[in-house]
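Derivation of every value follows stated rules applied to the coordinates shown; laboratory data play no part. All figures in this text were calculated on a predicted structure; none of them were measured in a lab. Reconstructed Cβ throughout: ideal geometry from the backbone, glycine too, with neighbour counts over all protein chains shown.
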C-alpha cells in the first residue's frame, strides 16, 4: 500500500528534477520577490535601528526569506490536478486505481515538495545567505517547533486546496478559483506582511480563520516572536484546523464522488 | 495603402469578435478573474498602506504618492494585457505548429500574432488600476489640466510600448529554445516590483539596470516622480521624464520588432 504512494511520490520527484530550465526561472522569480520585499522593509525601517512591534529589520528579513522558501515548498497542486483531470476526462483512470484518489494526489504533491526542497530551497537559502546573511532561527527550541508547525501548515493549505478542487466536480469549468483562494491566503496568512502590523479589527477576525496559521505561525516561531508557550497553543489551533478541514473534506468527498461526470472518451 | 489599412482593420475586428466569444464561453472562468484581479491589486496597495502607516514613507514616498505610482504602473499593465497577451504564448505556438499558420497568410506576422487574441478579460486589470490611480490623484491633488492629461496619455502609451518590447524580445527566444513560459512569469514579477514600488528603494546597481538596460523605471517611476515634483530621485536625466517615456517606448518597440524579425529567420517548424 505505502509502496504505491512512494512510487507516485518518487515519479513526481524525478519528473520535477528533469525540468532544469523551469527550476532556474522559478528560483529567479522567487529571488526577485525576496529582494523586492527585503528592500521594501529596509526602506520602511529607513536605516534606523528602531524596533516596531518588537521586530527588528533582521527579524523581518528572516521572516520574508523564510516565507518565500515556504511558499515554494508548499506544493498544493491538487486543485489544478483535479480540475485538469476532470476537464480532460482522465479522472476516470485515476478512479480505477485500487487506492483512494485524493491520497494519490497527496503523494504526487509530496513528491513536488521533496523536489522543491532540493532544487528551490537550497539555492534560495544560499542567495539569501550571500545577500542578507544566514537567516538563523531565534533559538534551537524555536527551530525544533518550527518543523512540526510547518507540517501542520502544509496540511491546512493542502486540505483547503483539495476542497477548492472538489468544486470542479460540480461545475466542470473551475476557472481560476484556485488562484482566487491563493490570493486571499497570500494576504491573510501574513506571508507578505505579518498580520501583527494589520489593523486590530483585521487581526481579531483573522484569529478565527485558518489562514494566519499557515504562514505566520511557523514563521513567528522561527524568528522568536511567538514564545514557546504561545507556540504550543498556536500549534494546537493549527491541529484543530487540520481536523476540522479533514472532516469537512471527507464529508464533501463522499457526496462529490457520486457527482462525477466523465468528459470525453 | 488605404485599402490595405482597411483590410487590416477588418481582420482585427473579425479576430476580436472570435476572441470575445471564446472568452465568454466559460462564465465561471470570467467570474474567477473578476474576483482574483481586484483582490490581488487592492490587497497590494492595502499592504503598502499598512507598511507606511506602521513605519514611515518609503524613501520619501508617502502613501498618496505610492498610490499614484502604483495606479500608473497598474493601468499600463492592464492596457498591455489587453493588446499584447499573445506575446506570452509564442513558445506554445511554436511547439504546436500554430506559428506556421501565421507565416502562410499574406499579412504582417506580428500583427496577426497580437491581433489574433485581444484579451478582453484584461480590461479587468484596468479597473482596479483606474480606481487606484484616480484615488491616488485625489490624494496628491493632481491637476487635470489639458497638458497634464496629454502627458499622462503619452506616458501610458510609452509604458505599454516598453512592456510590449520586453515581452516581444523574450518571446523571440522561443524561436531558438522552444520554450520560455517560465521566463514570462519571471519577467512579470520583475515588472510588478519595478513599476509599483519606487525604484529608489533598491540598491544603486538595480536602479542602473532599471534605468539604462531594462528601462522599466520609465514605465511609472520616473513619470510619477515628474508629475509629483519629486526632484531628488535616483538619476537626473536631461529630458523631461514625462516626455522621455514615449520616446524610449517607441525606441524599444522598434528594437524589439527588429529582434522579432531576426528571430523568425531561425524559426524552424516544430509541427509534423
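Stretching residue B:34 away from residue B:9 to a fully extended chain increases their span by 6.1 nm, per 0.36 nm per residue minus the current alpha-carbon distance.
To the nearest 0.05, what FRET efficiency results for residue B:49 and residue B:95 with a Förster distance of 35 Å applied to their C-beta separation? Before the final figure, lay out each step's value.
Numbers: r = 43 Å, r/R0 = 1.23.
The computed FRET efficiency comes out at 0.20.
Within segment B:61-265, the ratio Rg/Rh, alpha carbon atoms throughout and Rh by Kirkwood, equals 0.99. Apply the Debye scattering formula to segment B:86-132, with a single equal point scatterer on each alpha-carbon and no solvent, then give log10 I(q)/I(0) at q = 0.17, 0.24, 0.32 Å⁻¹. Reported log10 I(q)/I(0), two decimals: -0.58, -0.85, -1.16. Between 0 and 90 degrees, the angle of helix A:57-73 with respect to the longest Cα principal axis of chain A falls at about 10 degrees.
What fraction, in whole percent, of alpha-carbon pairs in segment A:2-257 exceed 22 Å separation?
Values: 19008 of 32640 pairs.
Across segment A:2-257, Cα pairs with separations above 22 Å total 58 percent.
Put a dot 7 Å past the Cα of residue B:179, heading toward its Cβ, do the same for residue A:255, and the two dots end up 4.0 nm apart. Shape descriptor for the protein assembly as shown: Rg over Rh equals 0.97 (Cα atoms; Rh from the Kirkwood inverse mean 1/r). Counting Cβ atoms of other protein chains within 10 Å of each Cβ in A:191-201 and taking the mean gives 3. Estimated from helical segments only, the mean residue ellipticity of the protein assembly as shown at 222 nm is -24000 deg cm²/dmol, where each DSSP H run of four or more residues counts as -39500 (n - 2.57). Shielding of peptide B:53-64 by partners, expressed as the average count of other chain Cβ atoms within 10 Å per residue Cβ, is 4. Segment B:52-95 and segment A:164-192 have Cα centres spaced 22 Å apart.
Shape verdict for segment B:32-110, please, from the Cα gyration tensor: rounded (a/c under 1.5), prolate (a/b greater than b/c) or oblate. Kindly include the intermediate steps, with their values, before the conclusion.
Working: a/c = 3.93, a/b = 2.92, b/c = 1.34.
Prolate, since a/c reaches 1.5 and a/b exceeds b/c.
Taking the longest Cα principal axis of chain A as reference, the axis of helix A:78-88 is set at about 30 degrees.
Which peptide among B:25-33, B:190-198 comes first, and what is the full order, when sorted by highest mean count of other Cβ atoms within 10 Å?
On the way: B:25-33: 15.4, B:190-198: 23.7.
Highest mean packing first, the order is B:190-198, B:25-33.
Inter-chain neighbour count for B:23-35: the average number of beta-carbon atoms from partner chains within 10 Å of each residue's beta-carbon is 4.
Sorted from fewest to most neighbouring beta carbons within 10 Å, what does the list B:75, A:118 look like? Walk me through the numbers before you get to the answer.
On the way: B:75 25, A:118 13.
Fewest-to-most Cβ neighbours within 10 Å comes out as A:118, B:75.
Values of log10 I(q)/I(0) for segment A:119-253 across q = 0.10, 0.17 Å⁻¹ run -0.39, -1.01, by the Debye formula with one identical scatterer at each alpha carbon and no solvent. Between residue B:62 and residue A:239, the distance separating the two model label sites (each 7 Å from Cα on the Cα→Cβ line) works out to 5.0 nm.
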